[in-house]
Amino acid sequence: MNVYFDNAATTPLDPEVLDAMLPFLQNHFGNPSSIHGHGRQVRAAIENARKTIAHLINAAPAEIVFTSCGTEADNYAAFGSVSTLGLTHGITSALEHHAVLHTMQALEKQGMQLSYLRHDAQGRLDLAHLEELLATHPRTFVSLMHANNEIGNLNDIAAIGDICAQHNAVFHTDTVQTMGHYKHDVQQLKANFLVGSAHKFHGPKGVGFLYRRSGQTVNALIHGGSQERNQRAGTENVYGIVGLAKALEIAYRDMAAHQQHIQGLKDRFMAKLRAEIDGVEFNGTSAESDQSLYTVLSVSLPPSDLNEMLLFNLDINHISCSGGSACTSGANAGSHVLNALGCDPNRGTIRFSMSKYNTAEEVDYAVTQLAKMYRKEPLKV
Ligand code: PLP
């Protein structure tokens, strides 16, 4: 069996998405900025894609800006807001993806004061601390993700949005791991910015978008031509944009069934791991399904000599997944998320992340392989 359990890193392209993209790789090659027929045809495809995405998240088409990836959208929102609005204070958490964390730290180097929100040992954010920070710094750029890519924690972005709105703060939420997996409605959610990255929901790599609430003027990050209404220069990734919209459309169309299927796989994984491996635990809030992204399961394995070779051993058994460990020494910086949670560096961590294409048989196979490894020699606890 050859199993792919690394869907939080990237997902396989849906064949329906490929079909939608192919005409723009084979025939419709015009530059969307050209005013002749070849260009206009391609421009129309981009604008249709924008309308599709806007409709799905209940936004206006003009609020969608296409980017090269989620990271660029995060950077655009942060640098754009801070520079355009002259914000001097930012709030984030130590658990953010580097696309946000390093961006906020770059802004700090440029003079912005940066505060980190407190969280508990499971990674739950302390929203009372957010209120406290905003009470003394009302005009702040707040960047807090919807779901954590390593441990799967879901943050209550509705509550965070309300708090930010009360304090007139600008709220950006990195929704890269939840776009296409949960329904976002920007009329309900009080966020100024949301982010999508196509390759996380069976679209192509190299294309994403920023939802930018109307009236939220921000300076462009990339300068040059007048594409994207002067907000993002550079000839558009046309087939990528077409694929992005198609992938999001399919994700919304099939969301309920996929959510049920994948949550079922995750529950099965947890139950089987508990049954097969003594001392197995789950990082973050995995065990509480209402607080955890259904596609991600972060497994914490008991201290063992096998932990160092965990990923390698799974890989030679044709199971692709991600590792991550808390810091063991200066040479091994480890996962910044697990370190921030204060995880025991002697425990092993693997992240299984699932998609609509995974099956119960694959879960059983992965658990069997893992259990075999741990049975090879007595655990040294
Ligand atoms: N934010 C989160 C939470 C992610 O998981 C990722 C990718 O893993 C990114 C941002 C970056 O997205 P991209 O790969 O499109 O740059």
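The values are calculated or read from the model by the stated rules, or taken from the named source; none is laboratory data. Because the structure is a prediction, the values reported are computed rather than measured. Heads up, the Cβs are rebuilt from the backbone with ideal geometry, glycines too, and the neighbour counts pull from every protein chain shown. Just so you know, the surface numbers come from the protein's heavy atoms only, side chains and all, with ligands and any DNA or RNA stripped out. Shrake-Rupley method; radii C 1.70, N 1.55, O 1.52, S 1.80 Å.
Quick rundown of the values:
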read-out	value
Counting DSSP beta bridges with both ends in the chain, the antiparallel % (nearest 5)	55 percent
Rg over Rh, two decimals, the chain (C-alpha only, Kirkwood Rh)	0.99
Centroid-to-centroid separation of region 223-251 and region 1-56 [C-alpha atoms, Å]	9 Å
Fraction of accessible area attributable to carbon and sulfur, region 15-253 (%, probe 1.4 Å)	52 percent
Selection from N192, V42, M255, by position along the positive dipole direction of the chain (Cβ)	V42
Size of charge dipole - the chain - debye, nearest 20, with Cβ of Lys, Arg +1 and Asp, Glu -1, no other charges	800 debye
Cα-Cα over 19 Å, subset of K109/K190; K266/K356; K200/K356; K51/K246	K109/K190
Helix-only CD estimate at 222 nm, as mean residue ellipticity for the chain, using -39500 (n - 2.57) per DSSP H run (n ≥ 4)	-12500 deg cm²/dmol
Per residue value of the accessible surface for region 15-253 (all protein chains in place, 1.4 Å probe), Å²	39 Å²
Selection from C343, S81, G111, by position along the positive dipole direction of the chain (Cβ)	S81
Distance histogram in 5 Å bins (all Cα pairs of region 1-148, percent per bin)	2, 7, 12, 14, 15, 13, 12, 10, 8, 5, 2, 0
